[in-house]
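Trainee: This is the structure I want to talk about, given as structure tokens.
The values are calculated or read from the model by the stated rules, or taken from the named source; none is laboratory data. Quick caveat: nothing in here was measured; it's all calculated off a predicted structure. Cβ coordinates were reconstructed from backbone atoms using ideal geometry, including for glycine residues, and neighbour counts include every protein chain displayed. The area values use the complete protein model at the heavy-atom level, side chains included, leaving out ligands, DNA and RNA. Shrake-Rupley method; radii C 1.70, N 1.55, O 1.52, S 1.80 Å.
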Amino acid sequence: VTPWTMAYLLLTLASLIPSVWLVSRFVNGLRLGWVTSVFGQMRWKYLSVCVGLSVLALAATLAVAGLTPQDAMEMGTGEVNEFTRTTLAFVVLFVFLVPFQAAGEEYLFRGYLTQAFGGLFSSLWVSRTIAVVVPAFLFALAHGAQDPPIFVDRLAFGLVAGVLVIVTGGLEAAIAMHVLNNYVA
């Protein structure tokens, strides 16, 4: 993986935002805001709160992980890798493009597909279940060749993000969680 191939991947996934906008607008006749939230727009203050809560959740997770016993083989050598121009290129790419890449995936899987699948059923319970489970499964599949534990991890992430979208009425919490997850990964 080079910085150029990573930039290509991140920009391709970020392009899901305008793709969802085009489909939503010209196929469904809806503004992108209605894919974003039940308020018809991005709730920017709420998104910033969700980012803050995601950082707190990450800090708690790292604190708990630091207190649990670790296998010596998992810990690595303890040495820091050399910081090169390539490292700097990756850092810049991640800082500036990962939020758009994560938002692109959320717009497709938890925005558009959640509404599309959820709208197929009249029963509230069935529609919400399908709206969360099917996009989460497709999200996990979209991450390519993987072993079963990784697939389950991606599926669980998709399920949690889907529930967040249903409970909060928008993509903000799922986007915040996805961005932070990808920064850590």
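Trainee: Looking at the range 96-185, which chymotrypsin sites (Phe, Trp or Tyr not before Pro) are in a loop (DSSP not H, G, I, E or B) and have at most 14 other Cβ atoms within 10 Å?
Mentor: For chymotrypsin sites (Phe, Trp or Tyr not before Pro) across the range 96-185 that sit outside H, G, I, E and B with at most 14 neighbouring Cβ atoms in 10 Å, the list reads 121.
Trainee: Compactness ratio of the range 48-143: Cα Rg over 2.2 N^0.38 Å, N = residue count?
Mentor: Dividing the Cα radius of gyration by 2.2 N^0.38 Å gives 1.55.
Trainee: Pairing the Cα long axis of helix 3-14 with the longest principal axis of the chain, what angle in degrees results, from 0 to 90 and rounded to the nearest 10?
Mentor: 20 degrees
Trainee: Between residue 116 and residue 53, how high is the FRET efficiency from 1/(1 + (r/R0)^6) when r is the Cβ-Cβ distance and R₀ = 22 Å? Nearest 0.05.
Mentor: E(calc), rounded to 0.05, equals 0.20.
Trainee: Counting only heavy atoms of the protein chains, get the accessible area per residue of the chain (1.4 Å probe) and round it to a whole Å² value.
Mentor: Per-residue accessible area for the chain comes out at 63 Å².
Trainee: Determine the equivalent ellipsoid of the chain by diagonalising the alpha-carbon gyration tensor, then write out the semi-axes as square roots of 5 times the eigenvalues, largest first, rounded to whole Å.
Mentor: The three semi-axes for the chain are 31, 20, 16 Å.
Trainee: Give me the percent of the accessible area of the range 15-124 that comes from carbon and sulfur atoms, probe 1.4 Å, all protein chains in place.
Mentor: Carbon and sulfur: 70 percent of the exposed surface of the range 15-124.
Trainee: Counting GluC sites (Glu not before Pro) as exposed when in a DSSP loop with at most 15 other beta carbons within 10 Å, what is the longest stretch of the chain free of them?
Mentor: 83-185
Trainee: Please identify the trypsin sites (Lys or Arg not before Pro) of the range 101-168 that satisfy two criteria: DSSP loop assignment and at most 15 other Cβ atoms within 10 Å. Which are they?
Mentor: When the trypsin sites (Lys or Arg not before Pro) of the range 101-168 are filtered for loop state and at most 15 Cβ neighbours within 10 Å, nothing remains.
Trainee: Given the -39500 (n - 2.57) contribution per DSSP H run of 4+ residues, what per-residue ellipticity at 222 nm results for the chain, rounded to the nearest 500 deg cm²/dmol?
Mentor: That comes out to -23000 deg cm²/dmol.
Trainee: Right, something else. Provide the gained length on full extension for the span residue 133 to residue 92, in nm with one decimal, where the gain is 0.36 nm per separating residue minus the Cα-Cα distance.
Mentor: Full extension of this stretch gives 11.4 nm more.
Trainee: In whole angstrom, and with the biggest value first, how far do the Cα coordinates of the range 1-56 range along each principal axis?
Mentor: 39, 37, 10
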